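See below for the structure under consideration.
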Amino acid sequence: MSDSQRGIYRKYDVKRADGSSEPGRKHAECTYFVLDLEHDMYAIPALKAYAAACRATYPALARDIDSLVAEATRTLIARSSIGAGLANIRENGIEAELASLERETKPRRRRKR
């Protein structure tokens, strides 16, 4: 069965770096959802929505997520599969970041004198 037909299923084992997900600790029974920014075309729009939702309460987190999204977008642009990556980026509503990063990464032509 393909992933598009499976829905949510256990794919990753996640544990917190601070140890609070260990048995008996605060986050022992928490549910986590992992996003793959390099292969999942819905991950970047999901992170953008999360940043927007938490910006007023957690501005530093929102800024960090913005930076993460920008870096992931740069990675997609730099990949050899640039055509598919750019198509995914455009489809998922981050044209402004794409345009900005394309300007930053585009080789500049020198004027002839």
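The values are calculated or read from the model by the stated rules, or taken from the named source; none is laboratory data. All of these numbers come straight from a predicted model, not from anything done at the bench. Ideal geometry is used to build each Cβ from the backbone, glycine not excepted, and the neighbour counts take in all protein chains shown.
Screening region 43-75 for residues that are in contact with a helix residue (DSSP H, G or I) (Cβ under 9 Å, 6 or more places away or on another chain) and surrounded by fewer than 12 Cβ atoms within 10 Å (Cβ to Cβ) and picking the one that is nearest to Ser4 (Cα to Cα) gives Ala53.
Pairs linking a residue in region 69-84 that is within 20 Å of Tyr50 (Cα to Cα) and charged (D, E, K, R) to a residue that is surrounded by 11 or more Cβ atoms within 10 Å (Cβ to Cβ) and modelled with pLDDT of 75 or more, with Cβ atoms under 9 Å and 6 or more positions apart or on different chains, are Glu71/Leu37.
With respect to Asp40, is the statement that it is surrounded by 12 or more Cβ atoms within 10 Å (Cβ to Cβ), part of a loop (DSSP other than H, G, I, E, B) and at pLDDT 60 or above true? Yes, satisfied. Within region 1-16, the set of residues being more than 13 Å from Thr31 (Cβ to Cβ) and hydrophobic (A, V, I, L, M, F, W, C) comprises just one member, Met1.
Within region 34-61, the set of residues being within 22 Å of Val14 (Cα to Cα), out of contact with any Leu (no Cβ under 9 Å at 6 or more places or on another chain) and free of Cβ contacts under 8 Å to residues at least 12 places away in the same chain comprises Asp36, His39, Asp40, Leu61. Scanning region 1-18 for residues that are exposed (fewer than 10 other Cβ atoms within 10 Å of the Cβ) and either farther than 19 Å from Met41 by Cα or in contact with a strand residue (DSSP E or B) (Cβ under 8 Å, 6 or more places away or on another chain) (or both) turns up Met1, Arg10, Asp13, Ala17.
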